[in-house]
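Structure record follows, encoded as structure tokens.
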Amino acid sequence: MSDNEFDNLNTFFKGKIVPVPDSKVSAMPPALHYGTAVFEGIRGNWNEEKGVISIFRLREHYERLLRGCKLLMLDIPYSLDELCDITIELVKKNKHRSDIYIRPLAYKSAEVVANLKLQDLAADFTLITVPFGNYLGSDTLKCCTSSWRRVDDNMIPARLKIAGTYVNSILAKTEATLAGFDEAILLNQAGHVSEGSGENIFVYSEGTLATSSLHDDVLPGITRDTIIDLAEEELGIPVVQRTIDRSELYLADEVFLTGTAAHLTPVIELDRRPIGSGASGALSKKLQQLYFEIVVGNNPKYNHWCTSVTPED
């Protein structure tokens, strides 16, 4: 009997749902050697009162995954609706009764060596779901500006979740945590603020909320899109998508990061300098409250963003 905590879970692998220990790949697929894969991170939030997992913006995540498949020529045999249905079935079968992380992966699965031509390589799709708590490990963040620069769109498209790209994020995150910080803020090749290692960034100053433009090599995050909508529609705060300079972060009233794994987490310090009051700001708290109410399925106005799944008994 394995001691692996995930061995009692199921995964979708090679066209069917199987126990996690049965989902093995060989040493040969190009995805393993070259990072030729695209993935998504999707949150399922446990609603204790209703007894359901609320999957947040499921279709939008798979729409982005399919865009990545198009770029990397990953010809997987599943439509958008089928991917959603597979996910719902797996969540049911895994009987989660806590917050979960859903990880779909489309990857080059061919049994070949040293072939760099995407058009020659077969692809497959796999999916896992695992219990998942606080990704960043803290409710507020002390960050540093990374010495690593964000990949440029002309190198690897930053607006898709391409597996190989995340070496860039890993180097930045590792540098930050080894130096005693919670997270890294990456600048782009022009020296402007791009994003965190796995999160988008927002800056609030003088009544206006700004987030880095997509032209600054950011991932068009689904949580980012959600927060823009909530700030404008629910709080009446204008949101500007524009180039942001590093010095603006130091002088801002509030800074926070957003992402599927990170939710919305305030940055209270950057490069040993306090942001604003050095504590969570009023806007961050309001948006957090709105966001968490929505993602667990407790705000009927936004239930179209949530897919409720009742775990099997």
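The values are calculated or read from the model by the stated rules, or taken from the named source; none is laboratory data. Just so we're clear, the structure is a prediction, and the values are computed from it rather than from any experiment. Here the Cβ positions follow ideal geometry from the backbone for every residue, glycine too, while neighbour counts run over all protein chains shown. Each accessible area value is taken on the protein alone, full model and side chains, heavy atoms only, with ligands, DNA and RNA left out. Shrake-Rupley method; radii C 1.70, N 1.55, O 1.52, S 1.80 Å.
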Is there a residue being of a type in the set (Val, Ile, Thr), over 27 Å from ASN45 (Cβ atoms), touching a helix residue (DSSP H, G or I) at 6+ places or on another chain (Cβ under 6 Å) and at pLDDT below 95 anywhere in segment 150-161?
yes
Flag if ILE268 is within 24 Å of THR177 (Cβ to Cβ) and in contact (Cβ under 8 Å) with a residue 40 or more places away in the chain:
yes
When every residue in segment 262-301 that is aliphatic (A, V, I, L, M) and surrounded by fewer than 16 Cβ atoms within 10 Å (Cβ to Cβ) is compared, the one nearest to ASN134 (Cα to Cα) is ALA279
Among what's in segment 1-59 and is without any contact (Cβ under 8 Å) to a residue 24 or more places away in the chain and of a type in the set (Lys, Arg), pick the residue that is farthest from TYR107 (Cα to Cα).
LYS16
Identify, by number, the condition in (1) assigned to a helix (DSSP H, G or I); (2) touching a residue at least 40 places away in the same chain (Cβ under 8 Å); (3) in contact with a helix residue (DSSP H, G or I) (Cβ under 7 Å, 6 or more places away or on another chain); (4) not small (Gly, Ala, Ser) that LEU283 doesn't meet.
(3)
Return the pair list, or none, for Cβ contacts closer than 9 Å from residues in segment 159-180 that are aromatic (Phe, Trp, Tyr) to residues that are part of a loop (DSSP other than H, G, I, E, B), at least 6 apart or on different chains.
TYR166/GLY35; TYR166/SER197; TYR166/GLY198
In segment 169-192, is there at least one residue being under 30 Å from LYS24 (Cβ atoms), within 15 Å of the chain's Cα centre (by Cα) and either of a type in the set (A, V, I, L, M) or modelled with pLDDT under 95 (or both)?
yes
Tally, over segment 250-280, of residues that are touching a strand residue (DSSP E or B) at 6+ places or on another chain (Cβ under 7 Å) and assigned to a strand (DSSP E or B)
14
Just need a number here: residues in segment 114-152 that are closer than 18 Å to LYS24 by Cα and open to solvent by 80 Å² or more (accessible area, probe 1.4 Å).
0
Only residues that are in a helix (DSSP H, G or I) and either at pLDDT below 95 or open to solvent by less than 20 Å² (accessible area, probe 1.4 Å) (or both): list them for segment 219-248, please.
ILE222, THR223, ARG224, THR226, ILE227, ILE228, LEU230, ALA231
Among strands (runs of 3 or more DSSP E) lying entirely in segment 171-218, which contain 3 or more residues that are open to solvent by less than 50 Å² (accessible area, probe 1.4 Å) and aliphatic (A, V, I, L, M)?
183-187
